[in-house]
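Enquirer: Got a structure for you, questions after.
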Amino acid sequence: MALPEIVTEHEWRAANAALNAKEKAATRERDALAAERRRQPMTPFATDFVFNGELSLLDLFEGRRQLILYHFWFPEDGEACGGCTMFTDQVSELAHLHARDVSFALVSRASQERIAAYKARMGWSEIPWYTDELAFQEACGTTEYFRLQVFLRDEDRVYLTYETTSRGVEALGSVWTFLDLTPFGRQEEWEDTPPGRPQSPPYQWWRKKGEY
């Protein structure tokens, strides 16, 4: 296996300082993107969708003004998405979001009975997870895919302020962030990695916890 070049501590510190400077520049770029995101226009969004047979979109806010909603691909007659499972495993303590007037929720097509069983298996007791009665995910184009959306509530009006999917979602997960710090990275074939480092097809190594 090809390992990184071995140098003196002085040389290593110089190389690491140069990398840190680039990281700080990237952080400032991310700050600029976040500032632009806060200024992005928003669009009105209907609230009369039905969840769990009795709740509206307004109820998912749980009295807060902002809602981060993740469309978890879990069809009525299929298995829960492995990638969505890995993402949800990385959701942080919700109390910190609540402190800033933000609610977080998952939405799927699966029944509450199946969702409750899967939540128990995965240990996600604190994460709200709602059953969509089809119309909501159809309106969002997510009946067979995952997506993350952000909504803002102004009294009884709701607005869609942001959405992303594919690799836009992975930036929120600490597993990928931690792996990006390591010499071998995510060890996936798409990465720009020196020859001889371990690599395998993307996504295929993911397992539900307890199945590795």
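Enquirer: What's the center-to-center distance, using Cα atoms, between region 184-205 and region 95-121 in Å?
Expert: Between the Cα centre of region 184-205 and that of region 95-121, the gap is 32 Å.
Enquirer: Inverting the mean 1/r over all pairs of different Cα atoms, compute the Kirkwood radius of the chain and quote it in Å.
Expert: About 19.6 Å, per the Kirkwood formula over Cα pairs.
Enquirer: Using the basic label-point model (7 angstrom from Cα toward the beta carbon), what is the Leu134 to Gln66 distance in nanometres?
Expert: 3.5 nm
Enquirer: Also, I was wondering about something else. Treating only the Cβ atoms of Lys and Arg (+1) and Asp and Glu (-1) as charged, compute the dipole magnitude of the chain about its Cα centre; round to the nearest 20 debye.
Expert: 560 debye
Enquirer: So which cysteines of the chain have no other cysteine's Cβ under 4.7 Å from theirs?
Expert: Here Cys140 come out as lacking a disulfide-compatible partner, given the Cβ-Cβ threshold of under 4.7 Å.
Enquirer: Can you tell me the length gained on complete extension of the stretch Thr182 to Arg13, counting 0.36 nm per residue apart and subtracting the Cα distance?
Expert: Working it through step by step, the gained length comes to 59.2 nm.
Enquirer: Would you work out which of Ser56, Ala80, Ala99 lies farthest towards the positive end of the dipole of the chain? Charges go on Cβ: Lys and Arg +1, Asp and Glu -1.
Expert: Towards the positive end, the residue furthest out is Ala99.
Enquirer: Another question about this same structure. How far is it, in nm, from the label point at Asp59 to the one at Ser125 when both lie 7 Å from their Cα along the line to the Cβ?
Expert: Here the answer is 2.3 nm between the modelled labels.
Enquirer: Further question on the same structure: Which one, Phe136, Ser166, Gln149, is farthest towards the positive end of the dipole of region 120-212 when Lys and Arg carry +1 and Asp and Glu -1 on their Cβ?
Expert: Value: Ser166.
Enquirer: Between Asp89 and Thr27, what's the calculated FRET efficiency when r is the beta-carbon distance and R0 is 22 Å? Round to 0.05.
Expert: My answer for the efficiency is 0.30.
Enquirer: Please identify every one of the GluC sites (Glu not before Pro) in region 83-154 that sits in a loop by DSSP and has no more than 12 other beta carbons within 10 Å of its own beta carbon.
Expert: Listed in order of number, the matching sites are Glu93, Glu126, Glu144.
Enquirer: Could I ask something else about it? Net charge near Thr142, counting Lys/Arg +1 and Asp/Glu -1 over other residues with Cβ under 11 Å of its Cβ?
Expert: -2
Enquirer: Suppose the chain between Ala117 and His98 were pulled fully straight at 0.36 nm per residue; how much longer would it get relative to their current alpha carbon spacing?
Expert: 4.3 nm
Enquirer: Now, a different point. Equivalent ellipsoid semi-axes for region 26-105, as square roots of 5 times the alpha carbon gyration tensor eigenvalues: give them largest first, rounded to whole Å.
Expert: 25, 20, 14
Enquirer: Relative contact order, percent, of region 20-93 when contacts are C-alpha pairs under 8 Å separated by at least 6 residues?
Expert: 11 percent
Enquirer: Just need log10 I(q)/I(0) for region 43-168 at q = 0.13, 0.16, 0.20 Å⁻¹, Debye formula, equal scatterers on the alpha-carbon atoms, no solvent, rounded to two decimals.
Expert: Calculated log10 I(q)/I(0) at the listed q: -0.48, -0.75, -1.24.
FYI, it's all coordinate maths here, none of it is from the lab. Computed from a predicted model, the values in this text were never measured in an experiment. Virtual Cβ from ideal backbone geometry, glycine too; neighbours counted across all protein chains shown.
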